[in-house]
1. Pull up the stretch 237-291, narrow it to residues that are among the acidic types (Asp, Glu) and under 17 Å from GLU221 (Cβ atoms), then point me to the one that is surrounded by the fewest Cβ atoms within 10 Å (Cβ to Cβ).
2. Within the stretch 121-159, restricting attention to residues that are within 30 Å of THR231 (Cβ to Cβ) and in contact with a helix residue (DSSP H, G or I) (Cβ under 6 Å, 6 or more places away or on another chain), which residue is surrounded by the fewest Cβ atoms within 10 Å (Cβ to Cβ)?
3. Could you list, in sequence order, all residues of the stretch 130-179 that are part of a strand (DSSP E or B), within 18 Å of PRO198 (Cβ to Cβ) and not hydrophobic (A, V, I, L, M, F, W, C)?
4. Mind checking which residues of the stretch 174-186 are over 13 Å from the mean Cα position of the chain (by Cα) and either of a type in the set (Gly, Ala, Ser) or more than 23 Å from ARG112 (Cβ to Cβ) (or both)?
5. Pick out the one residue from GLU79, GLU99, GLU87 that is within 22 Å of TYR129 (Cα to Cα), under 17 Å from the mean Cα position of the chain (by Cα) and either at pLDDT below 95 or of a type in the set (D, E, K, R) (or both).
6. Given (1) more than 25 Å from ALA44 (Cβ to Cβ); (2) in a loop (DSSP other than H, G, I, E, B), where does ALA100 come up short, assuming only one miss?
7. Among the residues of the stretch 81-97, are any within 22 Å of GLY13 (Cα to Cα), among the polar types (S, T, N, Q) and assigned to a loop (DSSP other than H, G, I, E, B)?
8. Assess whether ALA26 counts as being assigned to a strand (DSSP E or B) and either more than 20 Å from the chain's Cα centre (by Cα) or of a type in the set (Gly, Ala, Ser) (or both).
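The values are calculated or read from the model by the stated rules, or taken from the named source; none is laboratory data. Model, not experiment: these values are computed from the prediction. Don't worry about glycine lacking a Cβ; one is built from the backbone with ideal geometry, like all the others, and counts go over all protein chains shown.
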Amino acid sequence: MLLRVLGSAAGGGSPQWNCTCPVCAAVRSRAGLARTQSSVAVSADRRRWFLINASPDVRTQIEAFPGLHPHDDRTTPLEAVLLTDAELDHTLGLLLLREARALRLYATPAVRKTLSADGSGILSTLERYCPVEWRAVIPGDELALADGLSCRAFDVPSSKRARFEAGLEHGRVVGYRLTDERSGGTLVYLPGVQSLTPALRVEIEDSECLLIDGTCWRDDELVRLGLAGRTSREMGHLPIEGQDGSLAQLPSLRVGRTIFVHMNNTNPILLEDAPERRILDEKGMEVAMDGLEVQV
């Protein structure tokens with residue numbers, strides 16, 4: 001199984017177009033790498049690819065990865081899109097895929113409802129341009145994606161207020177545990193998590209690789225910078241630092257490789273020479289960049 005990080009930043013990318021925070025300023029001055037918005041592609045055979053989330057940067061991300069380039073007559077290696085939630089930075093890219101002859105979409109009933117006409121309307125709009133084959137994702141159920149590749153979604157509890165009230169809480173946010181059926185290797189993709197509950201720890205443990213929410217270093221990161229009035233947790237994201245942050249909790253789990261994804265543009269770990277980045281390096285943890293490939 002091969003996973004390619006298409007985009008490693010949170011919504012808005014890095015640098016964010018309207019932000020002059022120290023990290024954005026450093027990236028603009030080329031002291032750090034620019035990053036597009038969060039998405040990955042997964043394949044068991046390097047021929048058929050599955051996107052997890054479709055960011056607003058999806059066209060640029062596809063062009064940057066030859067594995068997703070089209071064949072003759074507009075046929076492409078893109079088999080389907082899996083969604084972890086209905087956030088705009090994970091779903092707006094669906095509209096940019098509207099030229100597809102057909103699009104297969106894996107999502108929970110809660111996410112599908114949020115994307116429908118009584119929610120954000122993204123799915124309803126997309127269906128006016130191309131046929132959409134919706135396949136239900138039920139947390140806890142094994143799902144065969146292709147020969148040699150399967151996944152299991154798991155529910156990720158969140159108290160973050162839903163911007164589009166869908167009326168369904170179960171399955172509003174999920175993570176995916178992907179399995180290479182031939183080798184037995186497992187990989188967990190969890191770009192949004194508010195708390196590492198006992199149930200989530202079970203899903204994470206014993207995986208060869210964990211790609212996990214790295215939105216903010218500090219819980220009050222955006223508050224300190226005067227950019228927002230809410231903490232990282234209040235926005236649905238577990239901070240890295242702190243007594244009960246991910247840095248303190250993850251080492252106790254049996255994970256082969258830990259990679260932070262979905263970093264907000266304010267997070268200092270985006271800069272290689274930042275003290276916070278050195279702390280992760282010393283712990284053996286990694287920070288994803290666009291184009292990173294992980295083989296399991």
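1. In this case the residue turns out to be ASP244.
2. Per the stated criteria, the residue is PHE154.
3. Across the stretch 130-179, the qualifying residues are ARG152, ASP155, GLY175, ARG177.
4. Answer for the stretch 174-186, where residues must be over 13 Å from the mean Cα position of the chain (by Cα) and either of a type in the set (Gly, Ala, Ser) or more than 23 Å from ARG112 (Cβ to Cβ) (or both): THR179, ASP180, GLU181, ARG182, SER183, GLY184, GLY185, THR186.
5. None of the others qualify; the one that does is GLU87.
6. It is condition (1) that ALA100 fails.
7. yes
8. no
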